[in-house]
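Enquirer: After the structure tokens below, expect a handful of questions from me.
The values are calculated or read from the model by the stated rules, or taken from the named source; none is laboratory data. All values reported here derive from a predicted model rather than from experimental measurement. Note that each Cβ is placed from the backbone with ideal geometry, even for glycine, and that neighbours are counted across all protein chains shown.
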């Protein structure tokens, strides 16, 4: 019995030791945050509206970690705030809790939606080493208190709406990187800026800086290595003062609005690797000089420089890898010596009048070219050259090529982008494109046959545009394997097929354009609902689709169409693909060649918007559109259309829809264009549509609508043709006046407050006057002396 008690006691002892050890370990492992710092963080979070994806959404009093926050290991105070793209929205006020973090060394508030001036209280954060406020909506001038941040090494205020003169930063002697580009700054640039001892990177492009540039010649060399002054309004000589910056590696002087040619006799840099002088007059580039262009150049941009012959000075650039000489006046043939440059990998010759290449057809075969763009020139006939197998980007669009697409393109195993659009190519689409192909644009040619098998195995494809050809047959089911596909455009062909429900398996499909083909059948199927997860634009107009749409037709549509769009504070585009080559050299600020192959240059789309067929070349990422027009669809328009809260363009015209216009259209607060014309719609136009304040275009003509047209600024401002051809519509903008049941005309616009009726005034005012006179009489009779004293004293 005694032994049993002892064993039990030992057991209890070890249990207590284990429990105590576990408790201590748990308590030690729990993070500790100073209560005052937690209180300040939560107060800062509550100052702004946020979205569910915000990094601050996880901040609570009992959280185990504060995402985006770094605490100092010794003082346990907040030392870093990484809140870039944190979905913060609102005004940053002078009494913000942010300015209580006196030990902040790193602050990133970029890519948010702050819409106020920059508070002067930033000057209180004297320990800051890095301040990043880029991509916001900050306005006004930069406060002079920024000069108090003497430890600052990096200051980024780019892509805002800041204005005024150059900020006072002369005290920031440790500043390494200053970025003010894409604002509204004006005035001259102070000369002390170039002599700041630590300043290496200076980016001031896309502003309104003007006046002459003064950079004194110093005995000691300047630290500046990167200088970007492009898109400003300077006057006077530019290159002469800049030539004093002997350590420059990167120099951008593009689009300076200078009326006289740049004088290149001052370009005596020994280390310059990147030079962009696009948008300036450099017609004297071929003057005889051994040092007109720095021979150390690796990347040279001469776009839009009024150049009419190939600069022979380029022969000396043995390190040159990237050359952009687009948008000039070049004609004739590309000189053969250009391809002898030993390091040349990327050449852009677009938007000139070039009609050929000097030398044999295989003149490029032994070059190192990876990128070649000779679009928008005067080439004609058959394809002129054999492309090197190493090619990754090839654009020959907007020329006059004829005959077949060359079969040698099948040998390009590394090709990422192929753009042969807007030519006269005929024959069939080669079924041999490489698996690495990402963008294929063959639109506006004379291609025929089917496209079956052409995309087999192309899982990397993001864009396919074969619109405006003579392609027939069906859509290839091999497209189902292109899991990266974002854009599919087959408009204006002879494709005969049913609706491709099977495309809904593609997780990234943003755009489907099937317009002007021979598609037929229903677009509604209980087995195959339209549940494309990322769809933003669908255009199936001018086909032979039939049937009706069930009431729940739009219930399972994509999140981008159903969710309210988020406001963008900087430009984004539906397709903004970048083509990036490997690093070519170490130490330079720009070591990649980035070509924009998105819609602005390499992809366009014909969409019907506001009653017109337009070629849209640049489309915002928030742009959404549904076009079912020109088919044989019938039945009622589903009430579920009101779920598409992000919809901007809706076109259901030229069908056979019947019944009433759904009042749920009033929920489409982003709608800008609504076309329901040439259907069989009846009843009244819902008065709820007056809340659609963005609606700039409406067409409800040639239906069977009756009653008064809703009266709002957007609707009344439409032309008469928007409502003509209906049974009994009245009210503005039509001339027909609406009448009530008793025969009196109904008001066309909201009535103003009526004038007061004189009888009502007399009834209310008369007794008051009589009562006042009676009281006066009593006072005058019995208290006359008192009345006199009251009146005159």
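Enquirer: Take residue 644 and decide whether it is farther than 21 Å from residue 516 by Cβ and surrounded by 20 or more Cβ atoms within 10 Å (Cβ to Cβ).
Expert: When the stated conditions are applied, residue 644 passes them.
Enquirer: Kindly check whether there is at least one residue in segment 268-276 that is more than 21 Å from residue 209 (Cβ to Cβ), modelled with pLDDT under 85, in contact with a helix residue (DSSP H, G or I) (Cβ under 6 Å, 6 or more places away or on another chain) and not assigned by TED's automatic domain parsing to the domain that holds residue 395.
Expert: Among the residues of segment 268-276, not one is more than 21 Å from residue 209 (Cβ to Cβ), modelled with pLDDT under 85, in contact with a helix residue (DSSP H, G or I) (Cβ under 6 Å, 6 or more places away or on another chain) and not assigned by TED's automatic domain parsing to the domain that holds residue 395, which makes the answer no.
Enquirer: Of all the residues that make up segment 407-421, how many are without any contact (Cβ under 8 Å) to a residue 40 or more places away in the chain and touching a strand residue (DSSP E or B) at 6+ places or on another chain (Cβ under 9 Å)?
Expert: Qualifying residue count, segment 407-421: 5.
Enquirer: Hey, can you tell me all the residues within segment 234-246 that are closer than 15 Å to residue 279 by Cβ and in contact (Cβ under 8 Å) with a residue 40 or more places away in the chain?
Expert: none
Enquirer: Take residue 344 and decide whether it is touching a helix residue (DSSP H, G or I) at 6+ places or on another chain (Cβ under 8 Å) and within 24 Å of residue 437 (Cβ to Cβ).
Expert: It is true that residue 344 is touching a helix residue (DSSP H, G or I) at 6+ places or on another chain (Cβ under 8 Å) and within 24 Å of residue 437 (Cβ to Cβ).
Enquirer: Checking the structure you have, find out if any residue of segment 375-392 is under 23 Å from residue 317 (Cβ atoms) and not in a loop (DSSP other than H, G, I, E, B).
Expert: no
Enquirer: Sticking with this structure for a sec: Between 107, 111, 92, which is in contact with a strand residue (DSSP E or B) (Cβ under 6 Å, 6 or more places away or on another chain), part of a loop (DSSP other than H, G, I, E, B) and within 22 Å of residue 59 (Cβ to Cβ)?
Expert: 92
Enquirer: So, one more: Quick one: is residue 706 part of a strand (DSSP E or B), on the phi < 0 side of the Ramachandran plot, in contact with a strand residue (DSSP E or B) (Cβ under 7 Å, 6 or more places away or on another chain) and at pLDDT 95 or above?
Expert: Criteria not met by residue 706.
Enquirer: Right, something else. Can you confirm whether residue 470 is assigned by TED's automatic domain parsing to the domain that holds residue 433, loosely packed, with under 15 Cβ neighbours inside 10 Å and either touching a strand residue (DSSP E or B) at 6+ places or on another chain (Cβ under 6 Å) or modelled with pLDDT of 95 or more (or both)?
Expert: Yes; evaluated as a whole, the condition is true for this residue.
Enquirer: A follow-up question, please. Read through the list (1) in contact with a strand residue (DSSP E or B) (Cβ under 8 Å, 6 or more places away or on another chain); (2) part of a loop (DSSP other than H, G, I, E, B), then give the number of the only condition that residue 361 fails.
Expert: Residue 361 satisfies all of (1) in contact with a strand residue (DSSP E or B) (Cβ under 8 Å, 6 or more places away or on another chain); (2) part of a loop (DSSP other than H, G, I, E, B) except (1).
Enquirer: Go through segment 427-447 and give me each residue that's buried (at least 16 other Cβ atoms within 10 Å of the Cβ) and in contact with a strand residue (DSSP E or B) (Cβ under 8 Å, 6 or more places away or on another chain).
Expert: Within segment 427-447, 429, 433, 437, 438, 439, 440, 441, 442, 443, 445, 447 meet the criteria.
Enquirer: Take the residues of segment 229-247 that are touching a strand residue (DSSP E or B) at 6+ places or on another chain (Cβ under 9 Å) and outside any loop (DSSP other than H, G, I, E, B): which is farthest from residue 280 (Cα to Cα)?
Expert: 242
Enquirer: Being over 25 Å from the mean Cα position of the chain (by Cα), closer than 22 Å to residue 534 by Cβ and not assigned by TED's automatic domain parsing to the domain that holds residue 371 is the requirement here; does residue 480 meet it?
Expert: Yes, satisfied.
Enquirer: Going through segment 658-683 one residue at a time, which ones are closer than 14 Å to residue 637 by Cα, part of a strand (DSSP E or B) and within 35 Å of the chain's Cα centre (by Cα)?
Expert: Within segment 658-683, 674, 675 qualify.
Enquirer: List, please: which pairs have Cβ atoms under 7 Å, are six or more places apart or on different chains, and start with a residue in segment 55-66 that is outside the structural domain of residue 85 (by TED's automatic domain parsing) and modelled with pLDDT of 85 or more and end with one that is in a helix (DSSP H, G or I) and surrounded by fewer than 12 Cβ atoms within 10 Å (Cβ to Cβ)?
Expert: Here the result reads none, with nothing in segment 55-66 linked to a residue that is in a helix (DSSP H, G or I) and surrounded by fewer than 12 Cβ atoms within 10 Å (Cβ to Cβ).
Enquirer: Quick check on segment 551-565: of everything there that is in a loop (DSSP other than H, G, I, E, B) and modelled with pLDDT of 85 or more, which residue is nearest to residue 506 (Cα to Cα)?
Expert: The extreme case among them is 558.
Enquirer: Here are the criteria: (1) surrounded by fewer than 17 Cβ atoms within 10 Å (Cβ to Cβ); (2) modelled with pLDDT of 60 or more; (3) more than 19 Å from the chain's Cα centre (by Cα). Tell me which single one residue 620 does not satisfy.
Expert: So the condition that residue 620 fails would be (3).
Enquirer: Let me spell it out: the conditions are (1) modelled with pLDDT under 95; (2) within 22 Å of residue 261 (Cα to Cα); (3) assigned by TED's automatic domain parsing to the domain that holds residue 427, and residue 351 meets all of them except one. Which number is the exception?
Expert: It is condition (1) that residue 351 fails.
Enquirer: Looking at segment 40-54, which of its residues are touching a residue at least 40 places away in the same chain (Cβ under 8 Å) and over 24 Å from residue 102 (Cβ atoms)?
Expert: Once the filter is applied, which keeps residues that are touching a residue at least 40 places away in the same chain (Cβ under 8 Å) and over 24 Å from residue 102 (Cβ atoms), segment 40-54 yields 49, 51.
Enquirer: Sticking with this structure for a sec: Could you please give the count of residues in segment 183-216 that are surrounded by fewer than 20 Cβ atoms within 10 Å (Cβ to Cβ) and touching a strand residue (DSSP E or B) at 6+ places or on another chain (Cβ under 6 Å)?
Expert: 6
Enquirer: Checking the condition surrounded by fewer than 21 Cβ atoms within 10 Å (Cβ to Cβ) and over 28 Å from the mean Cα position of the chain (by Cα), which residue from 101, 71 passes?
Expert: Just one listed residue meets the conditions, 71.
Enquirer: Which residues, counting only those in segment 213-228, are in contact (Cβ under 8 Å) with a residue 24 or more places away in the chain and either more than 34 Å from the chain's Cα centre (by Cα) or not in a loop (DSSP other than H, G, I, E, B) (or both)?
Expert: Passing the criteria: 214, 215, 216, 217, 218, 221, 222, 223, 226, 227, 228.
Enquirer: Continuing with the same structure: Does residue 630 fit the bill of being touching a strand residue (DSSP E or B) at 6+ places or on another chain (Cβ under 8 Å) and either in the same structural domain as residue 537 (by TED's automatic domain parsing) or at pLDDT 95 or above (or both)?
Expert: So residue 630 fails the test.
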